[in-house]
Ligand code: PGA
């Protein structure tokens with residue numbers, strides 16, 4: 001069977017409730033005819049939109065996730081969101097360790113590990129984001145950084161959780177308006193390191209974990225990235241925030257992949 005392709009977007013701190021729901025409904029309408037056996041589509045909007053989104057969007061077609069989560073169920077953690085609160089919304093997935101959480105808000109690998117374990121314990125599909133900075137890349141330690149982020153991030157996570165684990169590789173230097181997209185060759189090289197490390201952590205079943213590329217994915221590079229053997233999907237920011245454009249990017253990438 002052909003491998004399933006993953007397409008998702010993090011809406012970051014953009015789009016109000018109305019615009020998020022409209023975007024999600026449009027995205028479902030545009031992409032409805034694409035078999036969900038062939039693609040997995042997910043969107044990670046802001047917290048305040050999640051309740052309306054879960055009530056107004058058909059999640060057979062699009063999974064919904066949260067951008068971050070506290071590792072504790074409750075307590076004196078002002079400004080944090082508990083896994084129980086996200087469960088109450090019936091969300092499908094939680095993203096942990098996005099580059100902006102690590103580098104703007106100073107989250108550490110150990111904190112990401114606590115969050116990963118809490119998210120998995122509460123039954124969420126857990127998307128761990130990893131990636132090296134430009135400085136680390138220049139020192140030639142990208143592989144070491146990725147291996148560390150994975151080994152600490154998944155420390156003490158049992159193999160039984162593998163079906164609920166996804167990974168996104170997003171080099172910090174490639175993300176956002178000032179980012180330079182990674183070349184397909186470089187992304188593939190890093191994805192190989194990630195896949196190898198997942199095998200070391202989880203044994204042969206680690207091969208089942210999907211690894212997505214993210215960071216300035218756009219219509220000009222999506223097709224070259226998706227055909228790389230170690231890339232299982234695309235995690236797209238800006239280029240996905242208009243439903244019609246994201247639909248086109250998904251269809252083009254899928255068609256290119258199928259023509260291999
Ligand atoms: P970008 O964002 O595609 O806009 O670079 C990627 C991300 O932060 O996930």
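Readers should treat all values here as calculations from the given coordinates under stated rules, not as data from a laboratory. These figures come from a predicted structure and were not determined experimentally. Cβ placement follows ideal geometry from the backbone for every residue including glycine, while neighbour counts extend to all protein chains displayed.
Sorting 209, 81, 96 on the 10 Å Cβ count, fewest up front, what's the list?
Ranked by crowding around the Cβ, least crowded first: 81, 209, 96.
Taking the convex hull of the Cα atoms, report for region 108-227 its projected area averaged over all directions, in nm².
The directionally averaged projection comes out at 7.5 nm².
How much length is gained on full extension from residue 104 to residue 196, taking 0.36 nm per residue of separation minus their Cα-Cα distance?
My answer for the length gained is 30.2 nm.
So, in nm, how far is label residue 260 from label residue 22 when the simple model puts each one 7 Å beyond its Cα toward the Cβ?
Taking the two extended label points, one gets 3.8 nm.
Based only on Cα atoms, what mean projected area does the convex hull of region 5-258 have, in nm²?
12.6 nm²
Which part of region 148-191 falls in the paramagnetic zone of residue 114, meaning amide N under 19 Å from the point 7 Å along Cα-to-beta-carbon?
149-158
Suppose R0 equals 51 Å. What FRET efficiency, 1/(1 + (r/R0)^6) with r the Cβ-Cβ distance, do residue 121 and residue 244 give to the nearest 0.05?
0.85
Among bridges DSSP assigns within the chain, what percent are antiparallel (round to 5)?
If I count the DSSP bridges inside the chain, around 0 percent turn out antiparallel.
Fewest to most neighbouring Cβ within 10 Å: what's the order for 159, 254?
Listing 159, 254 from fewest to most nearby Cβ atoms yields 159, 254.
Calculated from DSSP H runs of 4 or more alone, at -39500 (n - 2.57) each and per residue, what is the 222 nm mean residue ellipticity of the chain, nearest 500?
Calculated at 222 nm, the ellipticity per residue is -11500 deg cm²/dmol.
Given Cα pairs under 8 Å that are at least 6 residues apart, what percent is the relative contact order of the chain?
With pairs under 8 Å counted, the relative contact order is 19 percent.
Test of understanding: ordering 30, 169 by Cβ neighbours within 10 Å, fewest first, what list do you get?
30, 169
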